[in-house]
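The values are calculated or read from the model by the stated rules, or taken from the named source; none is laboratory data. It should be emphasised that the depicted structure is a prediction, and the values quoted were computed from it without experimental measurement. Virtual Cβ from ideal backbone geometry, glycine too; neighbours counted across all protein chains shown. The accessibility values were calculated without ligands, DNA or RNA, using every heavy atom of the protein model including side chains. Shrake-Rupley method; radii C 1.70, N 1.55, O 1.52, S 1.80 Å.
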Amino acid sequence: MISYMDICGKRDRVEDMEIYTGADVVNEQLARYGVKFGIYKNNEFKEQLFPFDMIPRVIDNKEFAYLEKGLKQRVKALNLFIADIYGEKKIIKDKIVPEEFIYAGSGYLPQCEGIVPSKGVYSHISGIDLVQSKDGTWYILEDNLRIPSGASYPMIVRGIERRSAPSLFTGKHIEDNRNYADMLRHTMDYVNCGGHTVILTPGRYNAAYFEHSYLAEKTGAHLVSGHELIVENDHLYFIDYSGRKERVGAVYRRISDEYLDPMSFNEESVIGIPHIFDIYRKGNVALINAPGNGVADDKGIYYFVPKMIKYYLGEEPILNNAPTYLPYYDEDMKYVLDNFDNLVLKDVAEAGGYGVVFGNKMSKEEKEKFIAMLKAEPRRFIAQEVIDFIDIDIMEKGQLLPRKADLRAFVLMAEEPMVWKSGLTRFSRNPDSFIVNSSQGGGFKDTWVLSQ
Amino acid sequence: MGIISVENTDRLYWLGRYTERVYSTIKVFADKFDSMIDMDELEYDKFCKSQDIPNIYKSKEDFCQRYCFSLKDENSIFSNLMRAYDNAIVLREEIGSESLSYIQLALYAMNQAAISSAPLIGLQKVTDNIAAFWGMADDDIDESQIRNIIRVGKLIERIDLYARLREDPRKLQREARRLTNRIDKSEIRYSLKKLAHVNYLVQLDEMPYETLIEAIERLVGDES
């Protein structure tokens with residue numbers, strides 16, 4: 001484990017640290033460029049600046065090489081799993097994953113049965129959430145294979161930091177992370193079925209709209225809304241201002257499966273494109289990420305990922321899952337009930353830090369109520385050991401304060417998986433909290449991967 | 001990539017119009033403000049009439065505050081700046097982050113001006129940022145069509161505003177000339193007949209301001 005202090009030197013006073021003077025300038029610049037996310041509170045949309053802390057997470061090159069290897073292995077296995085589930089289903093037949101975990105989960109889409117997407121890639125962009133425990137071990141907390149967001153923030157902040165505090169980067173051998181747009185463009189072009197590449201946004205009032213528009217600008221893809229696209233003669237077209245139709249071959253869609261096509265999924269969707277799913281099935285357009293990926297990133301399926309790695313790749317998993325229990329199995333249910341206070345329980349249907357409860361933080365009544373629910377719906381929950389993951393200092397009012405922080409690594413899949421040499425480090429602003437999500441007040445840091 | 005949707009064409013046009021509206025009304029407001037300090041306290045009433053907006057203001061202080069800074073007043077400068085922002089924020093890919101940042105900065109400057117003891121100085125920063133936005137857009141945007149649509153929006157708004165303020169006909173003739181030179185390059189839908197009519201009106205000895213306002217407002221979006 002290496003920290004910012006190790007490479008930039010420890011100072012007695014915060015004011016003497018190199019990052020101190022740069023922090024205000026960087027935050028001012030982030031405001032200037034509108035680095036925001038949207039949030040709904042009391043049914044009202046508000047844009048908020050994403051709080052940024054100048055002290056980076058630092059990962060040395062050996063440690064990152066290990067992470068890179070493990071992440072590639074995991075994403076390869078997850079892609080093979082999705083292909084198998086919508087194809088031969090060998091992993092079910094061989095009883096590695098019980099079928100109820102597939103078919104009862106909301107991520108499984110029967111409409112995707114038998115579909116092989118362009119170049120066989122399902123999860124083009126995977127956001128893998130990790131934490132590092134105090135003994136240095138990395139644990140995977142969650143796989144996000146639907147529409148993982150967050151890469152744009154460290155990408156834009158790096159350029160700003162380098163302008164605001166150039167000395168911070170001199171002689172430190174930090175990998176340049178501003179290549180994310182190139183990696184993404186390559187990923188999109190690789191599967192493009194012929195025509196333009198577009199980024200499909202639900203619109204300005206989506207929480208991640210900044211990211212949609214910024215990635216469009218930086219990749220040179222065209223940012224579009226559903227009503228600007230039309231399916232005709234089995235192909236997808238963008239209609240320009242003069243009524244001319246331009247063929248589209250790849251859609252990096254930032255809207256969820258259910259809203260993608262009212263003819264195949266939620267018929268009330270007004271942001272989707274009628275019949276896009278039909279031409280996707282015929283191989284005439286690439287959808288990035290593939291619909292139906294939710295079958296592999298369900299919190300219940302997470303438990304089985306190490307088994308998938310062994311099953312599909314014949315390898316031992318390089319990266320660990322957090323120790324996880326499935327109350328669905330009697331043995332695990334017993335363990336969960338015996339050790340309730342030491343565990344964190346997660347509702348498999350929830351995301352964004354919601355539906356997460358800590359056994360030791362419940363009152364007696366809450367606990368009784370929860371256990372009754374757990375017994376009634378054991379498939380709905382997973383339980384995990386609470387990992388006391390490392391704190392990273394943040395700078396607040398001239399003081400250094402330790403806060404919990406996770407890492408979202410981005411793995412892009414084209415010919416081979418590519419791991420972005422950076423990531424989104426999110427931290428909790430609340431000293432007593434493990435929840436780092438931006439929707440719950442968390443902030444972000446840059447992630448420095450050292451090249452030597 | 002060189003393709004623009006109808007919706008974004010419209011947004012670019014309105015971005016041009018609203019940025020011009022904010023820029024010009026701040027300039028006009030600054031003149032009126034000066035006059036209201038110690039010459040004509042009711043100057044704002046004439047201003048409202050010229051702009052065809054209801055005089056809902058109780059005093060010059062109320063006018064200065066609400067007309068500039070109230071988002072509840074749909075005619076306020078701030079409301080118009082928000083409309084410019086609402087159009088700009090969905091055009092990042094067309095105009096680029098650098099150009100967009102000046103609209104964002106104008107918004108911050110407006111918030112600061114609202115709490116400043118010298119609002120005119122604060123508003124100057126708003127116009128500075130809008131001018132910087134136009135400069136950056138001209139310099140930084142590759143697609144000439146995008147630059148031209150913004151410019152057409154600006155020129156139409158300017159002619160409209162000048163006519164409402166009963167400005168010198170020579171100023172109107174100049175802006176009409178600029179618009180005529182620019183509008184085809186924008187590839188925006190407009191009526192040739194109505195453009196000819198605008199050019200005819202600005203040449204008349206007795207400038208028919210009301211007719212001109214009507215003609216310029218109907219120019220775009222109609223190809224008849």
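Using helices alone, what [θ] at 222 nm do you get for chain A, with -39,500 (n - 2.57) per DSSP H run of 4 or more residues, divided over all residues and rounded to the nearest 500?
Working: 15 runs with 134 residues, N = 452.
Calculated at 222 nm, the ellipticity per residue is -8500 deg cm²/dmol.
Beyond 50 Å, what share of the Cα-Cα pairs of the protein assembly as shown remains, rounded to the nearest whole percent?
Values: 50861 of 228150 pairs.
Considering the protein assembly as shown, 22 percent of its Cα-Cα pairs are separated by more than 50 Å.
Whole angstrom only: what separates the Cα centroid of segment A:266-318 from the Cα centroid of segment A:383-452?
Each part reduced to its Cα centre gives a spacing of 25 Å.
Where Lys and Arg each count +1 and Asp and Glu each count -1, what net charge lies around A:Thr187 among other residues with Cβ under 12 Å from its Cβ? Can you show the working numbers first?
Values: positive: A:Lys119, A:Arg185; negative: A:Asp182, A:Asp189, A:Glu415, A:Glu416.
Around A:Thr187, the surrounding residues sum to -2.
What is the local net charge at A:Ile390, summed over the other residues whose Cβ is closer than 11 Å to its Cβ (Lys, Arg +1; Asp, Glu -1)?
For residues surrounding A:Ile390, the net value is -1.
Which value, to two decimals, describes the C-alpha radius of gyration of segment B:5-152 once divided by 2.2 N^0.38 Å?
Expressed relative to 2.2 N^0.38 Å, the Cα Rg reads 1.08.
Given Cα positions, please report Rg to Rh for segment A:254-332, the hydrodynamic radius being the Kirkwood one.
1.13
Could you give the size of the charge dipole of segment B:1-141 about its Cα centre, using +1 on the Cβ of each K and R and -1 on the Cβ of each D and E, expressed in debye and rounded to the nearest 20?
Values: 14 positive and 23 negative charges, 63 e Å.
That gives segment B:1-141 a dipole magnitude of about 300 debye.
Using a 10 Å cut-off on Cβ to Cβ distances, tally the other chain neighbours for every residue of A:238-245 and report the average as a whole number.
Details: counts 4, 3, 7, 14, 6, 1, 1, 1.
Per residue, the average neighbour count from other chains is 5.
Report, in whole Å, the centroid distance computed from the Cα atoms of segment A:71-103 and segment B:89-111.
Answer, in whole Å: 46.
To the nearest 10 Å², what's B:Met39's accessible area with a 1.4 Å probe?
130
Using the charge dipole of chain A (Lys, Arg: +1 at Cβ; Asp, Glu: -1 at Cβ; taken about the Cα centre), state which of A:Ala216, A:Phe265, A:Tyr205 has its Cα farthest towards the positive end.
Farthest towards the positive end: A:Ala216.
Taking only Cα atoms and a 10 Å spring cutoff, compute GNM fluctuations for chain B and point out the largest among B:Ser35, B:Ser117, B:Ser76.
Comparing B:Ser35, B:Ser117, B:Ser76 in a Gaussian network model of chain B, the most mobile one is B:Ser117.
Over all alpha-carbon pairs of segment A:323-386, lay out the pair-distance distribution in 5 Å bins, whole %, shortest bin first.
Whole-percent P(r) values from 0 Å outward: 4, 20, 32, 30, 12, 1.
Between B:Ile37 and B:Asp140, what FRET efficiency follows from the Cβ-Cβ distance if R0 is 51 Å, with the result rounded to 0.05?
Using R0 = 51 Å, I get an efficiency of 0.85.
Take peptide B:104-116, look around each residue's Cβ out to 10 angstrom, count Cβ atoms belonging to other protein chains, and average those counts.
Working: counts 6, 4, 0, 2, 3, 0, 0, 0, 0, 0, 0, 0, 0.
The per-residue average across the peptide is 1.
Rounded to the nearest 20 debye, what is the charge dipole size of the protein assembly as shown about its Cα centre when +1 sits on each Lys and Arg Cβ and -1 on each Asp and Glu Cβ? Don't skip to the end; give the middle numbers.
Numbers: 86 positive and 105 negative charges, 110 e Å.
Here the size comes out at about 520 debye.
Picking from B:Ser101, B:Cys68, B:Gly135, whose Cα lies most toward the positive end of the charge dipole for segment B:1-145 (charges on Cβ: Lys, Arg +1; Asp, Glu -1)?
B:Cys68
Would you mind estimating how fast segment A:310-451 diffuses translationally, via Stokes-Einstein at 20 °C and 1.002 mPa s with the Kirkwood radius over Cα pairs, in µm²/s? Spell out each step's value before the answer.
Values: Rh = 17.6 Å.
This corresponds to a translational diffusion coefficient of 121 µm²/s.
Connecting C-alpha atoms closer than 10 Å in a GNM of chain B, tell me which of B:Lys58, B:Lys125, B:Lys171 has the biggest fluctuation.
Per the Cα network of chain B with a 10 Å cutoff, B:Lys58 tops the list.
Rounded to the nearest 100 Å², what's the accessible area chains A and B bury against each other, both chains counted, probe 1.4 Å?
Working: alone 19740 and 11550 Å², together 28920 Å².
So the buried area, both faces added, is about 2400 Å².
With only Lys, Arg, Asp and Glu charged, each at its Cβ (+1 for the first two, -1 for the last two), find how big the charge dipole of segment A:180-327 is about the Cα centre; round to the nearest 20 debye. Before the final figure, lay out each step's value.
Numbers: 13 positive and 19 negative charges, 43 e Å.
Approximately 200 debye in magnitude.
With the radius of gyration and the Kirkwood radius both derived from the Cα set of segment A:1-81, what is their ratio Rg to Rh? If you can, show how the numbers build up before the last one.
Numbers: Rg = 18.9 Å, Rh = 16.5 Å.
Using only Cα positions, Rg/Rh for segment A:1-81 is 1.14.
Rank by packing, highest mean first: peptides A:126-135, B:196-205, with packing defined as the count of other Cβ atoms within 10 Å averaged across residues.
Put in order of decreasing packing, that is A:126-135, B:196-205.
With a sphere of radius 10 Å drawn around the Cβ of A:Asp347, what net charge do the other residues whose Cβ falls strictly inside it have (Lys, Arg +1; Asp, Glu -1)? Each step should come with its number before you reach the end.
Numbers: positive: A:Lys299, A:Lys346, A:Arg380; negative: A:Glu350, A:Glu377.
Around A:Asp347, the surrounding residues sum to +1.
Given the rule -39500 (n - 2.57) for each run of at least 4 DSSP H residues, summed and divided by the residues of chain B, what is its mean residue ellipticity at 222 nm, to the nearest 500 deg cm²/dmol? Show your work: numbers first, answer last.
On the way: 10 runs with 169 residues, N = 224.
That calculation yields -25500 deg cm²/dmol at 222 nm.
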